[in-house]
Amino acid sequence: MNASALSFISTMIEATDPRLTDVLAALSDPVRRAIVRGLAEGGPQPCGVFTRLGVSNSTLSHHFRVLRAAGVIETREEGRLRISSLRRDDLEQRYPGLLGLVTAER
């Protein structure tokens, strides 16, 4: 397997058991909280929808990677798109009310 394939695979790895410290660290950034609010309100979406947040594509990719690594979102491929969705059930089960606080923030 070549290096670019390994790099791609590593960006798709998601946490299966979100730890509170990782989740809170991921949610400490206002751009990542905006992404979470967008996914909570609009359901699963491709990351390109979030270009309206005013950050570069590489910065946006970084934020999605942090959220995936913390177990806040999951990503699946649909053709050429990567569709991200909030791991609402997992997070509510482990940390009841946390997503409600994040999505209520404006």
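Give segment 39-49 a look and list any residue that's closer than 15 Å to R82 by Cβ and in contact with a helix residue (DSSP H, G or I) (Cβ under 6 Å, 6 or more places away or on another chain), or say none.
The answer is C47, and nothing else.
For segment 69-106, give me the residue count where each residue is buried (at least 17 other Cβ atoms within 10 Å of the Cβ), polar (S, T, N, Q) and free of Cβ contacts under 8 Å to residues at least 60 places away in the same chain.
1
I'm checking my understanding of the structure. Among residues of segment 52-68 that are more than 14 Å from the chain's Cα centre (by Cα) and in a helix (DSSP H, G or I), which one is surrounded by the most Cβ atoms within 10 Å (Cβ to Cβ)?
For segment 52-68, the residue satisfying everything is L53.
In segment 15-45, which residue that is at negative phi, assigned to a loop (DSSP other than H, G, I, E, B) and surrounded by fewer than 16 Cβ atoms within 10 Å (Cβ to Cβ) is modelled with the lowest pLDDT?
So, considering only residues that are at negative phi, assigned to a loop (DSSP other than H, G, I, E, B) and surrounded by fewer than 16 Cβ atoms within 10 Å (Cβ to Cβ), the one modelled with the lowest pLDDT is T16.
The values are calculated or read from the model by the stated rules, or taken from the named source; none is laboratory data. Treat the numbers as computed from the prediction; the structure is a model and nothing was measured. Neighbour counts are summed over all protein chains in view; Cβ atoms, including those assigned to glycine, are modelled from backbone coordinates with ideal geometry.
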